[in-house]
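This report concerns only the one structure given below.
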Amino acid sequence: MVELIDNVSQFFVSMVAAISASIHYYKSRKQVYFLLTCFYGTFSIGGLYWMLYILLFGYSPQVFYVSELAWIASFMFLLTLEITISSSEERKFKHPAMWLAPLFCIPQFFLYITHGEIINNIFICGITMVVAIYAIRGLIFARRQKGRLRDMQYLYMSALVFIFLEYLLWTSSCFWISDTLTNPYFWLDFLLTGALFVILPATRKAVRP
């Protein structure tokens, strides 16, 4: 029951965010909002499949390629959004802190392949690691700027928190405790839902006139 509530709430939040982002795109015709709509839309498709499976069969899917493909697509759109919104100066910027992402993600990858398939984890961990690298770079670069450019730090910060929570969630799933709220997995997923939605206002702040 807790898992169903968790998935329903996450699907609802991602769909509301997708609709809101699409409205912003319709009004402004900014590519960033189109990418954001695709990010939320594909993420919600993954959640929809998972949610419907639980409703129909009463347990989590044992084979979940539909959800994983949708989530991989959502991470790709988030990465594309980061690349699109960055300036040429930002793309040239480098900082040693960017190495924190692979230092964190690669050990987690080796944990995940002991509990799942190698190919899927290569794609998911590879893409999310690059998202985290760009988010760290963008966050540090934006904090050194002034005015509107400085406001881009909130987008990068929200993307970084989102990826960090994803990794914590995946790690907790490797040590499943129970199907109740005593399982840290559900609390992390509720936090992830909040972080997921925060990317929307953070993006709006980053692209405001």
Every residue from region 86-116 that is among the hydroxyl-bearing types (S, T, Y) and either under 30 Å from V207 (Cα atoms) or touching a Pro at 6+ places or on another chain (Cβ under 6 Å) (or both): S86, S87, S88
So which of I119, I106 is at pLDDT below 95 and exposed (fewer than 15 other Cβ atoms within 10 Å of the Cβ)? I119
Could you please give the count of residues in region 8-54 that are over 15 Å from the mean Cα position of the chain (by Cα) and part of a helix (DSSP H, G or I)? 25
Restricting attention to region 190-209, does a residue exist that is over 23 Å from F77 (Cβ atoms), over 19 Å from the mean Cα position of the chain (by Cα) and not aliphatic (A, V, I, L, M)? yes
Check on G126, more than 15 Å from Q153 (Cα to Cα) and either among the acidic types (D, E) or not in a helix (DSSP H, G or I) (or both): no
Quick one: is I83 of a type in the set (A, V, I, L, M), part of a helix (DSSP H, G or I) and touching a Ser or Thr at 6+ places or on another chain (Cβ under 9 Å)? no
Per the list (1) in contact (Cβ under 8 Å) with a residue 40 or more places away in the chain; (2) surrounded by fewer than 17 Cβ atoms within 10 Å (Cβ to Cβ); (3) not hydroxyl-bearing (S, T, Y), residue check on V13 breaks on (2)
Residue pairs within 6 Å by beta carbon, gap of at least six or interchain, first lying in region 118-137 and basic (K, R), second at pLDDT 95 or above, listed first then second, are R137/M98
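For every residue, the table says whether it meets (1) hydroxyl-bearing (S, T, Y); (2) in contact with a Phe, Trp or Tyr (Cβ under 7 Å, 6 or more places away or on another chain); (3) at pLDDT 95 or above.
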{"position": "F12", "(1), (2), (3)": "no, no, no"}
{"position": "A17", "(1), (2), (3)": "no, yes, yes"}
{"position": "S20", "(1), (2), (3)": "yes, no, yes"}
{"position": "K30", "(1), (2), (3)": "no, no, no"}
{"position": "F34", "(1), (2), (3)": "no, yes, yes"}
{"position": "I45", "(1), (2), (3)": "no, no, no"}
Of all residues being closer than 21 Å to G47 by Cβ and among the polar types (S, T, N, Q) in region 151-209, which is modelled with the lowest pLDDT? Just the residue, please. T180
Condition (residue is in a helix (DSSP H, G or I), within 12 Å of the chain's Cα centre (by Cα), surrounded by fewer than 20 Cβ atoms within 10 Å (Cβ to Cβ) and without any contact (Cβ under 8 Å) to a residue 60 or more places away in the chain) applied to region 169-187: is it met by at least one residue? yes
Pairing a residue in region 92-117 that is of a type in the set (V, I, T) with any residue that is surrounded by 12 or more Cβ atoms within 10 Å (Cβ to Cβ) and part of a helix (DSSP H, G or I), where Cβ atoms lie under 7 Å and the two sit 6 or more apart in sequence or on different chains, gives I113/N121
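The values are calculated or read from the model by the stated rules, or taken from the named source; none is laboratory data. Predicted, not measured: the structure shown is a model, and the values here were computed from it. Cβ atoms come from the backbone with ideal geometry, glycine included; neighbour counts cover every protein chain shown.
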